[in-house]
Amino acid sequence: MAGKELDVLDEHGKDLSMDTGDFYDDGHTDDPIRSGMIVAQSVLPELSERTLSRLETAKTPQEAATVASKAIAKACRKERKRILDEAHAEARRQSKRRKRRRGDDPKANDLLPRSTGPFVRLRGILSFGGAGLVDVPAHSTSTYRAGVLTPWLASGLTMFEGPLIGRETASGTPFRFDAWSPVRAGVTTSVNGMVVGMMGSGKSMFLKTLAIREISYGRHIIIMSDPKGEWVSVADAVGGQSVQVGHGNYLNPLDVGSRPSDLDDEHWLMDCRSRRSVALSGLVSSLREGVMPTSAEQSLLDAASEDMCSGLMNPTVTALVEALDGEWGRTRDVRGLNPTSRDQCCRSLILTLDKLVHGFLQGAFECESTIGIDPSSPMIVFDTSGIDGNDTVRRSVYTAALSALIDSILTAKDGLYRIIIAEEGWEVLSNPMLVDAWDKRMRMTGDWACSNWMLLHELADLEKFGDANSAQRKKVDGILTLSETKVIYRQSPSSLEYLAQLLPDLTDDEKYAIPRLERGVGLFRVGDKVRTLVHPIVSKTAYPVLNTDSGRFG
């Protein structure tokens, strides 16, 4: 880095490169030092024949390490002395040049050069060994350990390819990121991400910034559920599509979409049966507030899915309820079910699914679709802001139905790369069927060309999904583990225990900093190599569209 001048500014344009009260130019008491140089010494010790022989004859690894450490320490002392000698020689040369220019100026022998320009430039050398012209505490470390000692500054590879997201708060350098860039860089094997943070910590602003920048990078965005309606204005601004279901605006969750060109008739039929069966199971589980269909009921739903794909039954929830209550339910032969158990399953499924047809949930998902979705739209937002936040059953049903519709878009394999954002991740994790569907989507990212991002609040809320040894909790933990890119905003101290379980290599510095993160600053943990603090950068034009906190502060 020799010869490279560093200027560090914060988000308000304030200079952070040097304390403004340290040095000033003559006659310019308001001008601080603005830049300087950093030289990192590179040490490769020369091992003598004696040292090499001692290494070869060492009886234990500890003895060999001691010999090597002494050789490295000697090389470091030699390198520090060389840098110090060069620094003093350069200072003497500069002093002589200034004396010739200025005459017998009593200040000409100062080690600090002075400038007549508006800003003073410190041209000294700050060596890692502490032997420079500026008093820096002496400390020696290796590049391998530097990231542990200062995880924000020495985080590893952070120069990902992709659009500009923000700046690294410690260094002020631009931070670029694309959902697929960690895989291209060899840092992760997964393109999935997770954003976690307390309310008002800045996680939604980051996701919106990521979304609009990814659109400019050629990606397409799908917002799985928008409970506050705050993504609608974003979709309008980028020429996207917002979809609101209900009150006669129908979306059919059993619609399988377009057939991929690489599937033959047999595989397409199997795929349709599987997706319709999963969609029906998700609806039943949502209507029963997380209770899964029994094995007998699932067998009946599988049979219905098969007949829908073969054309014997219209693929809608209304047609299924009518079939269960009619001749089909009394005569359909299902392996493993006798007439009595089949009749019992039909009655229980009718009582459950009829809520969508004739009950309080009608008017949204029971008929053929009346809303057209444009898969090529840069952003598709499923607006669920019209649902009462306390109506957990309705919200869960909507999430399950929209999840099935998103899968139909992804499985079309139209060549577009999409980022799926679950704005309310807890709604997905609370339904076992949706957990399975999300897990499958995360594992199919390569085939379906999608990156899945889940937004969560307090990690301490994981307790609601059972203890750590329960089957549901293990599935949830698996989803969080598969999200190799984790963006962590401020968390309460009670959530640090769960965060430490999720990230076993969480350092003490990170545990201390996370509950104290400033609003808008998030810790990027990408794989096990990259950890850096990032603050999104938003233009004045975009800020009013992305910001939804105006009512939060009264």
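The values are calculated or read from the model by the stated rules, or taken from the named source; none is laboratory data. It should be emphasised that the depicted structure is a prediction, and the values quoted were computed from it without experimental measurement. Here the Cβ positions follow ideal geometry from the backbone for every residue, glycine too, while neighbour counts run over all protein chains shown.
See the values below:
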quantity	calculated
Top-ranked residue in the stretch 248-291 [being among the β-branched types (Val, Ile, Thr) and over 15 Å from residue 308 (Cα atoms); ranked as surrounded by the fewest Cβ atoms within 10 Å (Cβ to Cβ)]	291
Residue list for the stretch 519-554, restricted to those being surrounded by 13 or more Cβ atoms within 10 Å (Cβ to Cβ) and free of Cβ contacts under 8 Å to residues at least 24 places away in the same chain	528
Test result for residue 230, of a type outside the set (A, V, I, L, M) and without any contact (Cβ under 8 Å) to a residue 12 or more places away in the chain	no
Residues of the stretch 292-337 classified as in a helix (DSSP H, G or I) and either crowded, with 17+ Cβ neighbours inside 10 Å or not β-branched (Val, Ile, Thr) (or both), total	27
Residue check for residue 449: at pLDDT 90 or above, of a type in the set (A, V, I, L, M, F, W, C), out of contact with any helix residue (DSSP H, G or I) (no Cβ under 6 Å at 6 or more places or on another chain) and farther than 23 Å from residue 282 by Cα	yes
Residues of the stretch 229-247 classified as surrounded by 15 or more Cβ atoms within 10 Å (Cβ to Cβ) and over 28 Å from residue 180 (Cβ atoms), total	4
Count of the stretch 405-431 residues which are at pLDDT below 90 and closer than 16 Å to residue 244 by Cα	1
Residues satisfying the stated conditions in the stretch 186-210, i.e. assigned to a helix (DSSP H, G or I) and within 17 Å of residue 483 (Cβ to Cβ)	203, 206, 207, 210
Qualifying residue in the stretch 371-385 (condition: crowded, with 19+ Cβ neighbours inside 10 Å and either free of Cβ contacts under 8 Å to residues at least 60 places away in the same chain or aromatic (Phe, Trp, Tyr) (or both))	yes
Condition met for residue 191 (among the hydrophobic types (A, V, I, L, M, F, W, C) and either outside the structural domain of residue 425 (by TED's automatic domain parsing) or over 28 Å from residue 239 (Cβ atoms) (or both))	no
Helices (runs of 4 or more DSSP H) completely within the stretch 483-551 that count 2 or more residues being among the acidic types (Asp, Glu) and in the same structural domain as residue 468 (by TED's automatic domain parsing)	508-513
Inter-residue pairs, beta-carbon under 8 Å, first at pLDDT below 80 and of a type outside the set (Phe, Trp, Tyr) and in the stretch 164-177, second surrounded by fewer than 17 Cβ atoms within 10 Å (Cβ to Cβ) and part of a strand (DSSP E or B), 6+ apart	172/9
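For every residue, the table says whether it meets (1) assigned to a helix (DSSP H, G or I); (2) surrounded by fewer than 21 Cβ atoms within 10 Å (Cβ to Cβ); (3) touching a residue at least 24 places away in the same chain (Cβ under 8 Å).
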site	(1), (2), (3)
396	yes, no, yes
400	yes, no, yes
419	no, no, yes
426	yes, yes, yes
433	yes, no, yes
440	yes, yes, no
446	yes, yes, no
451	no, no, yes
467	no, yes, no
